[in-house]
Amino acid sequence: MDVANLGAARACCLSNDVLTAYRAHLKQLDFCPLYVKQRLAAAHRLLDMIEYLDWHSDQVAPHLAGLNTRAKGFVTFLLLFGHLRPGYPYLFSRKITPLVREASLSPMSGAVAAVTTAAQELGFGKRHIEAFVPMVLLRVLIQSGKQLHELRVDDLADFRTAVRAHEVTVGRSLHHWTVSVHAVENVLYHLGVLPAPARHRSVRSSSWWDRLPRVRQTPLRTTMARYAELAAANHRESTVLGYCASFQTFATYLVEHAPEVQGVAQLNRREHIEPWLVWNRSRKRVLPDGTERAIGPEHRKNLVLDIKVFLDTIAEWDWPEAPARRLLFNSDLPKLDRALPRYIPRQQEERLLAAIACLDDPFQRCALGILRGTGMRIGELVDLELDCVHEVAGQGKWVKVPLGKLGTERMVPIDEATVALFDEVVRVRGTQRPLPHPDTGRPTAFLFVLRGKRISRDCIRDALSRAVQLADLHDPDGQPLRITPHQLRHTYATTLVNAGISVQALMRLLGHVTMEMSLRYGHLFDSTVRQQYDEALAKVKHQYSTAMLDLPVGKAGAPDEEWMGAHKLKTRLAHGYCQLDHRQTPCPLANVCERCPAFVPLPGARQTIERQLADVRLLIRDANARGWDGEIQRHRDVAERLERFLAEMPSAALSRKTKAAR
């Protein structure tokens, strides 16, 4: 307990003004006269005790914790009216309900109302507000003795320190208190009280030496930290953090397999580098559940490439600790398979999109829909600004995609469904104070901001995982199908390729800087390849069918029942028949004359046509029994043509009379 602060509180409490103010406060609480009298008496006794204890912190704190209800009421008054700051240990042990109930009648009522209103504007729910306002705000105002506009970051830092100490005392985690402090910081930033929003614990505030904790060799760690510091001057922080991850993996291998190596100069290709390359080929990653998963070829290549660039660069810079000779070569880099982009098949995509539409969180629902509708990367999505949608006269609406992975901006056209998603995000977002840009530090009105903080990439990934479970998508092992947000980008590009978009246009939409990156999608479903394949296949089938027509299918003059009962594609001709294997397509030349508009049968061919028509009708019943719908229709067309011939020809009796008359 702060002795100076307690002394100031003693001077206030011993004055008649404090008792007078307390009596007026009790009247506002609308207590009965008897209860008011009892609470005033308890206040007098507490003043006597405080005077006796002389406000010593080690003596007052236990007595404050053991007071009865009436005396605690007076302590509540002293806390809310700024007369007492007993320390966070007492405030943590004290029930918060009386403070909340009487805060509206105290000088802190304005601060509580302002924070509550600002939290509602930021999108916090009622339960969140009722949790962090008393849990954090009231305690910080009481202990700091400041007005709301006087609070600083250090005041909240003191609260965090006290929470960590209290976790040790109670023996359990108080993570929900830390989350509440984060929420209060965001609200105070929105009100203009704090100069910056809350930030999660990040490695950005530490040195590059501290970001290499698994590099236990001090000389090696010094060299790698110095290299990372210089690389950070010209590269993105995420790129340098990737270097640090590779450095730590390499250093961990040396600790386990070559503990004698303490610096870069001690490295030898045959004894250290070559065994490391073999180890890298088969290394695995241990997941949080204890299972192991093989490292992908791209990660293995990046590890070798990062170490190679590191060693080559310090040699070019002529650092004294650099190796005497080159240790890694381009031939050491693992070869990558030229895999096609992993798009989501149509049926799975339909089920997935239906599940995404059922997600409860509108931010997550719209974020996944925008990823599918624009093909942007997840990092570009979270960096979208509030005014990213532009309308061009006569050309519809476009979205400005910010600087992303390749450091390029681009404009992407969007349809009305995607525009509706942007409108919903703006509606849910509400009014948010601009946040500092992580790269430039300038205040930026980001689109995906809620409750004073930006949406995270993990939040979007978790939403997609829940959508996969809702869609009941599983792999062959029965596990939930693993779909990443980047596959939505692949699906977007694949859909456009199937619709015939040019590679140049696709390159602009996806933000690719080289043609080779976009050509990967063109290799998925190449319409030219398909067209040439279909043309060649038709020629092969035609040649095969024609060859089959020349094969002998039976003896000349064989009985009709032998060919009629065969399991083949049969065609009745005027002076014979044709048979093809049922696995072939029907001959395009079958009954070509009968079906030709220029064909005119001879008057004496009536009996031949009648026999042909009778066989065609038998073939219709035969094809119907075998379920060959195409054959049924083909024979019916021929039968109709033959029936028309017979209707136009004179009958047989009339033909005989004509011959007799002659």
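The values are calculated or read from the model by the stated rules, or taken from the named source; none is laboratory data. Since we're looking at a predicted model, the values are computed, not measured. Every residue, glycine among them, receives a Cβ derived from its backbone with ideal geometry; neighbour counts consider all protein chains shown. Just the protein is used for accessible areas: all its heavy atoms, side chains included, with ligands, DNA and RNA removed. Shrake-Rupley method; radii C 1.70, N 1.55, O 1.52, S 1.80 Å.
Table for the structure above
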| read-out | value |
| --- | --- |
| For segment 407-522: Kirkwood Rh in Å [reciprocal of mean 1/r, alpha carbons] | 17.3 Å |
| Principal axis dimensions, segment 318-426 - Cα atoms, whole angstrom, descending | 62, 35, 30 |
| Residues of segment 260-393: accessible area per residue with a 1.4 Å probe, Å² | 58 Å² |
| Accessible surface of segment 236-326 [probe 1.4 Å, protein heavy atoms]: carbon and sulfur percent | 49 percent |
| Solvent-accessible area of W628 with every protein chain in place, 1.4 Å probe, in Å² to the nearest 10 | 50 Å² |
| Most to least packed among 594-601, 427-434 [average Cβ atoms within 10 Å] | 427-434, 594-601 |
| Given K284/K335; K126/K453; K308/K400; K95/K146; K72/K453; K284/K308, the pairs whose alpha carbons are separated by over 27 Å | K308/K400; K72/K453 |
| Cα shape, segment 208-304, gyration tensor, a/c 1.5 rule | oblate |
| Centroid-to-centroid separation of segment 141-189 and segment 230-266 [C-alpha atoms, Å] | 37 Å |
| Angstrom value of the Kirkwood radius, inverse mean 1/r, which spans all Cα pairs in segment 273-317 | 11.9 Å |
| Pairwise FRET efficiency - E316 versus R461, Cβ, R0 = 45 Å, nearest 0.05 | 0.70 |
| Solvent-accessible heavy-atom area per residue, rounded to whole Å², over segment 404-493 at 1.4 Å | 52 Å² |
| Principal axis box of segment 134-265, alpha-carbon based, largest edge first, Å | 59, 39, 19 |
| Residues D360 and K95, FRET efficiency given R0 of 41 Å [Cβ-Cβ distance, rounded to 0.05] | 0.75 |
